[in-house]
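The block underneath contains the structure these notes are about, expressed in structure tokens.
All of the numbers you see were taken from the coordinates with simple rules; none came from a lab. Since this is a predicted model, take the numbers as computed values, not measurements. Note that we place each Cβ from the backbone using ideal geometry, even for glycine, and neighbour counts take in every protein chain shown.
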């Protein structure tokens, strides 16, 4: 994901540097609010669940007990408005709800959403927000001031296509990583307790098999690794961990 994120920011940078319109001319802050009772934990985004340094999101720990939450849809860009220097930003890959301290920016034209997200990932955008932030201990961005950030109206079709493909791949990678984490968390207790017997597993053979998979990936025959291959890798690592603990 690091390479894809770097590609996204590189594309956006050349357009932001020659920007001649306001961010507010191509997107707006969505503010549809619903009762917190309608929110679902699996699709809820809090300021704490957004990761620093543009690393995306992790599952929220809990839902608010009272008040309203903000609805967002796939393609929106979510930004934590508390301490903007943490650079917490995420491109929504599903519909959901979020804290009122998370800003939801939505493209005026839906097809332009990947480009807008790329602009909002720029360090220059967060620098701009901090210049208008209010408060010292927990600064918050000024919602009106941040929409004055200069951008280009859009980007070339080829660049827009590259941005869209990169963001979709990042979302797919994140989803696959989450599944792999669940697989690991389910397997490890069973391995440690002896519920799964690994004594007869030929680890050398599995390592050899996975080595062949890595070779094919290098030859670009497996450009997108499947969960099955990732699961094999996770299983090998867990087996090695168990042997090391014995």
Expressed in nanometres to one decimal, the distance between label points 7 Å along Cα→Cβ at residue 137 and residue 66 is 2.2
With label points set 7 Å from each Cα along the Cα-to-Cβ direction at residue 95 and residue 53, the distance between them in nm comes to 3.5
Taking region 2-154, the whole-percent share of alpha-carbon pairs separated by over 29 angstrom is 12
Taking region 85-137, the whole-percent share of alpha-carbon pairs separated by over 15 angstrom is 56
Mean projected area, convex hull of alpha-carbon positions in region 11-92, reported to one decimal in nm², is 6.5
